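Novice: First the structure, then my questions, so here it is.
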Amino acid sequence: MKTLSAAVNALDKKSHINREIYGHFSEHLGRCIYDGIFVGENSSIPNTDGVRNDVIEAFRQVRMPVLRWPGGCFADEYHWRDGIGEKSTRKKMVNTHWGGVTEDNSFGTNEFFNMCEKIGCEPYLAGNVGSGTVEELADWIEYITFDGVSPMADLRRKNGREKPWKLKYLGVGNENWGCGGNMRPEYYADLYRQYQTYCRNFSGNELFKIVSGPNGDNYNELDKIMSIVGDSHAKAVSLHYYTIPSGDFFNKGSATKFTDEEYYNTIRNAQYIGEVIEKYNAIIRRYNKDMKISVDEWGCWFDVEEGTNPGFLFQQNTMRDAIVAAVSLNIFNEHSDVVCMANIAQAVNVLQCLLMTEGDKLVKTPTYHVFDMFKTHQDSELLYSFTEKTETNGIPAVYQSASMDKDGKITLTYANASLDEDFEIKCSIVGAAPTKAESLILTGDVRSFNDFDSPEKLKPAEHNAEIIHGGVKFTLPKCSVVSIVLS
């Protein structure tokens, strides 16, 4: 076993890790909302106002900080007035983007905001710019946040909510280069300026407005958008980045049946997001020194499972996904000076989900466990960290980050992407003298996964991390994720 030297400097606090970097995304897509999060008040599955109790508890466990809704592509065909009031009279629609199924709008604004209160997370709305109007979005903000007398506030009260909610995060449009309207960047940027003008701050509520970015690493389009919105009231630019083994959207590959080469291509493509973030930041800084990046859609995208609706985007979740999650979250931590939020796609039953449901059963995926292991990074200070470089199949084998919370506890998180090599890590700690180490490990065959027959095949286990003079020593097995809290 090869020994790698590592170091953490507790005196070198580099940036604040916003808790929203550990955010999530829920869309009216497949079984994410219906049968996943929302089963209805009359369901035999234990629920609170129609939302599954086990889902609420699982989200609380990982300290879900923010939840994006109602899309995705669905957001730009969603008209919020269809999802309020008496459910029996709510307007039905066809979900044209995702499977052509009927959307009955039984889960709408009130249900979403009430659920976020129960979870304890910030709501993040994606506003309809593609098929909506300025007035429609302005009225939605007023309905949600205004505490005075007005038609929208009175409508909210009529629907059973006297006190307004708080809304911090507002995305003005979604993927407007594609499903959000097929717009040229200049046209969308002008629309952003118009729409955001009428998204008011009511009753002490302060909106954090996010402008829709270009398609992935299309830096020329980002430059065009920033040249128009850089002096506006946008706080962040959205970045959507999906990891596909082949890089070919139309030939993504299986979630469970893949070669070692496809595995390494997956990790190679996942870690590329670090370069994209840096190039986004360089462009943004030319126009606005304060604007941040919101990676509000990210994760693995594979072919759907055989026999499932291709429009529902259901895929299994293996140890490969856990490595991608750990690599990505460590990268977001390392770029927390510019990344203010990240939302994995998606929360339940869709793409790289945290939870899978079937009837009254619930399964926590390997990705869920990574979020649980990494949660102590939330609202901590990023520390300088270093691990001796070593490669596997032409990419770094080890990815790490370190942070310190307000009580002085240090969290170290590591991912070993190698399928062949174990490492011993000897990490010196400068500026702190921990006496206790609590460590967890998630590891297993790279193609193994949890399902309803074996829901706990992959789950964290206690791991030995030994306090040594001046630091900590531990093993980092092949294909593993390790978290250590030092105090």
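Novice: Based on this model, can you work out whether residue 256 counts as assigned by TED's automatic domain parsing to the domain that holds residue 185, touching a Lys or Arg at 6+ places or on another chain (Cβ under 8 Å), surrounded by 19 or more Cβ atoms within 10 Å (Cβ to Cβ) and not charged (D, E, K, R)?
Specialist: no
Novice: From 101, 62, 55, grab the single residue that is surrounded by fewer than 19 Cβ atoms within 10 Å (Cβ to Cβ), more than 27 Å from residue 157 (Cβ to Cβ) and hydrophobic (A, V, I, L, M, F, W, C).
Specialist: After ruling out the rest, the residue left standing is 101.
The rows are residues; the columns are (1) at positive phi; (2) assigned by TED's automatic domain parsing to the domain that holds residue 179; (3) in a loop (DSSP other than H, G, I, E, B).
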{"site": "242", "(1), (2), (3)": "no, yes, no"}
{"site": "247", "(1), (2), (3)": "yes, yes, yes"}
{"site": "250", "(1), (2), (3)": "no, yes, yes"}
{"site": "276", "(1), (2), (3)": "no, yes, no"}
{"site": "279", "(1), (2), (3)": "no, yes, no"}
{"site": "297", "(1), (2), (3)": "no, yes, no"}
{"site": "305", "(1), (2), (3)": "no, yes, yes"}
{"site": "308", "(1), (2), (3)": "no, yes, yes"}
{"site": "326", "(1), (2), (3)": "no, yes, no"}
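Novice: Quick check on residue 344: is it under 14 Å from the mean Cα position of the chain (by Cα), part of a helix (DSSP H, G or I), at pLDDT 95 or above and closer than 21 Å to residue 399 by Cα?
Specialist: Here the answer is no, as residue 344 does not meet what is asked.
Novice: Still on this structure, please answer the following. Of the residues in the stretch 277-295, how many are of a type in the set (S, T, N, Q), within 23 Å of the chain's Cα centre (by Cα) and more than 19 Å from residue 22 (Cα to Cα)?
Specialist: Summing the residues that are of a type in the set (S, T, N, Q), within 23 Å of the chain's Cα centre (by Cα) and more than 19 Å from residue 22 (Cα to Cα) in the stretch 277-295 gives 1.
Novice: Something else about it: Do you know which residues across the stretch 19-45 are surrounded by fewer than 20 Cβ atoms within 10 Å (Cβ to Cβ), more than 17 Å from the chain's Cα centre (by Cα) and in contact (Cβ under 8 Å) with a residue 40 or more places away in the chain?
Specialist: Passing the criteria: 34, 35, 40, 44, 45.
Novice: Within the stretch 145-172, how many residues are in contact with a helix residue (DSSP H, G or I) (Cβ under 7 Å, 6 or more places away or on another chain), surrounded by fewer than 21 Cβ atoms within 10 Å (Cβ to Cβ) and in a helix (DSSP H, G or I)?
Specialist: Qualifying residue count for the region: 2.
Novice: Of a type outside the set (A, V, I, L, M) and at pLDDT 95 or above: is that true of residue 220 in this structure?
Specialist: Here the answer is yes, as residue 220 does meet what is asked.
Novice: Let me ask you something else. Starting from residues that are touching a Leu at 6+ places or on another chain (Cβ under 7 Å), touching a residue at least 40 places away in the same chain (Cβ under 8 Å) and closer than 17 Å to residue 425 by Cβ, keep the ones in the stretch 445-479 and report whichever is surrounded by the most Cβ atoms within 10 Å (Cβ to Cβ).
Specialist: 479
Novice: Now for a separate question. Given the condition outside the structural domain of residue 426 (by TED's automatic domain parsing), closer than 29 Å to residue 9 by Cα and either part of a loop (DSSP other than H, G, I, E, B) or touching a Leu at 6+ places or on another chain (Cβ under 8 Å) (or both), answer yes or no: does some residue in the stretch 351-367 qualify?
Specialist: Within the stretch 351-367 (the criterion being outside the structural domain of residue 426 (by TED's automatic domain parsing), closer than 29 Å to residue 9 by Cα and either part of a loop (DSSP other than H, G, I, E, B) or touching a Leu at 6+ places or on another chain (Cβ under 8 Å) (or both)), the answer is yes, since at least one residue qualifies.
Novice: Being at pLDDT 95 or above, farther than 28 Å from residue 356 by Cα and over 26 Å from the mean Cα position of the chain (by Cα) narrows it down to one of 429, 410, so name that one.
Specialist: Of 429, 410, the one residue that is at pLDDT 95 or above, farther than 28 Å from residue 356 by Cα and over 26 Å from the mean Cα position of the chain (by Cα) is 429.
Novice: Additional query: Any residue at all in the stretch 304-314 that is crowded, with 24+ Cβ neighbours inside 10 Å and either within 12 Å of the chain's Cα centre (by Cα) or under 25 Å from residue 442 (Cα atoms) (or both)?
Specialist: no
Novice: Within the stretch 458-482, work out how many residues are in contact with a helix residue (DSSP H, G or I) (Cβ under 9 Å, 6 or more places away or on another chain) and either more than 20 Å from residue 409 (Cα to Cα) or not assigned by TED's automatic domain parsing to the domain that holds residue 405 (or both).
Specialist: Summing the residues that are in contact with a helix residue (DSSP H, G or I) (Cβ under 9 Å, 6 or more places away or on another chain) and either more than 20 Å from residue 409 (Cα to Cα) or not assigned by TED's automatic domain parsing to the domain that holds residue 405 (or both) in the stretch 458-482 gives 5.
Novice: In addition: Can you say whether residue 346 is in the same structural domain as residue 289 (by TED's automatic domain parsing) and surrounded by 24 or more Cβ atoms within 10 Å (Cβ to Cβ), as far as the supplied structure shows?
Specialist: So residue 346 fits the description; yes.
Novice: Let me ask something else about it. Among the candidates 142, 175, single out the residue that is buried (at least 19 other Cβ atoms within 10 Å of the Cβ), acidic (Asp, Glu) and on the phi < 0 side of the Ramachandran plot.
Specialist: 142
Novice: Among all residue pairs at least 6 apart or on different chains, which show Cβ distances below 8 Å where the first residue, located in the stretch 384-400, is farther than 23 Å from residue 17 by Cβ and the second is assigned to a loop (DSSP other than H, G, I, E, B) and of a type in the set (Ser, Thr, Tyr)?
Specialist: Correct list of pairs: 392/418; 397/390; 397/418.
Novice: Something else about it: Filter the stretch 381-429 down to the residues that are in a loop (DSSP other than H, G, I, E, B), buried (at least 18 other Cβ atoms within 10 Å of the Cβ) and of a type in the set (S, T, N, Q) and list them by number.
Specialist: Scanning the stretch 381-429 gives a single hit, 418.
The values are calculated or read from the model by the stated rules, or taken from the named source; none is laboratory data. Quick caveat: nothing in here was measured; it's all calculated off a predicted structure. Please note: Cβ atoms are built from the backbone with ideal geometry, for glycine as well, and neighbour counts cover all protein chains shown.
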